[in-house]
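Just below is one structure, and these are the notes that go with it.
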Amino acid sequence: MEKLTLLCTALFLVAAVNSISSGEEQTPAALNFKMKTLAGKDVDLTKYKGKVVLIVNTASECGLTPQYEQLQSLHASLADKGLAVVGVPCNQFGAQEPGTAQEISTFCKQNYGVTFDMLAKVDVNGEKACPLYKYLTSVDTKPKGAGKVGWNFEKFVIDRDGKVAGRFAPNTSPDDPALLKLIDTLLATN
């Protein structure tokens, strides 16, 4: 039994050394997902590696829908500094995102001039929640903490290293001073 333990330990160490010496970088957990865009194209979230990412579950028929305007403003003013705003439509809260992908895309562009990345509609809570949201809601992050998404427009901030750095309640507007301070602080780090 002792020889088996030593053998397993040796194999683990060899694999670790090979990984380090080959220059392989570990994909940060928060970006280790593949999803679809609203246009139906595959997207690997590793494309956001090195950026500060603001992930927001969105809806077109919600009282908070005007937050799209502030999200677009953040995107327009901070994308060149390394911020990626990512919208993730969801129909789990009051059935306020009933549209097709094309209807959602058209609504966002026509009403709010959205040019930031929009992913395909998913569930963010429950057994059918997409893997990204299963991960995001499992992390105990300030100020909100771990647990289910409460409503449309809940915000997750991921730092340049791919770690969940903040989680903000739906009624926290995208121009809220605490949210902006976190984003600015994270953008200042390289």
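A few points about this structure:
- For region 22-35, filtered to residues that are under 17 Å from L136 (Cβ atoms) and out of contact with any helix residue (DSSP H, G or I) (no Cβ under 6 Å at 6 or more places or on another chain), the residue that is modelled with the lowest pLDDT is P28.
- Single unsatisfied condition, P98 versus (1) surrounded by fewer than 19 Cβ atoms within 10 Å (Cβ to Cβ); (2) in contact with a helix residue (DSSP H, G or I) (Cβ under 9 Å, 6 or more places away or on another chain): (2)
- Being modelled with pLDDT of 95 or more, in contact with a Phe, Trp or Tyr (Cβ under 9 Å, 6 or more places away or on another chain) and farther than 25 Å from L182 by Cβ is true of S60.
- Note on region 131-147: residues that are in contact (Cβ under 8 Å) with a residue 24 or more places away in the chain and surrounded by fewer than 14 Cβ atoms within 10 Å (Cβ to Cβ) total 3.
- Hits in region 150-165 - residues which are surrounded by 18 or more Cβ atoms within 10 Å (Cβ to Cβ) and either within 13 Å of the chain's Cα centre (by Cα) or among the charged types (D, E, K, R) (or both): F153, E154, K155, F156, V157, I158, D159, R160, G162, V164, A165
- Pairs where the first residue, in region 71-92, is more than 23 Å from T189 (Cα to Cα) and touching a residue at least 60 places away in the same chain (Cβ under 8 Å) and the second is surrounded by fewer than 21 Cβ atoms within 10 Å (Cβ to Cβ) and of a type in the set (A, V, I, L, M, F, W, C), C-beta under 7 Å, 6+ apart: C90/V122
- Hits in region 54-72 - residues which are under 16 Å from the mean Cα position of the chain (by Cα) and either among the aliphatic types (A, V, I, L, M) or in a loop (DSSP other than H, G, I, E, B) (or both): L54, I55, V56, A59, L71
- Screening K181, K155 for residues that are basic (K, R), over 20 Å from C90 (Cβ atoms) and out of contact with any helix residue (DSSP H, G or I) (no Cβ under 6 Å at 6 or more places or on another chain) leaves exactly one candidate, K181.
- Residues located in region 164-188, provided they are within 19 Å of V149 (Cα to Cα) and of a type in the set (A, V, I, L, M): V164, A165, A169, L179
The values are calculated or read from the model by the stated rules, or taken from the named source; none is laboratory data. From a predicted model like this one, the values you see are computed outputs, not experimental measurements. Because the Cβ atoms are built from the backbone with ideal geometry, glycine has one as well, and the counts that use them run over all protein chains shown.
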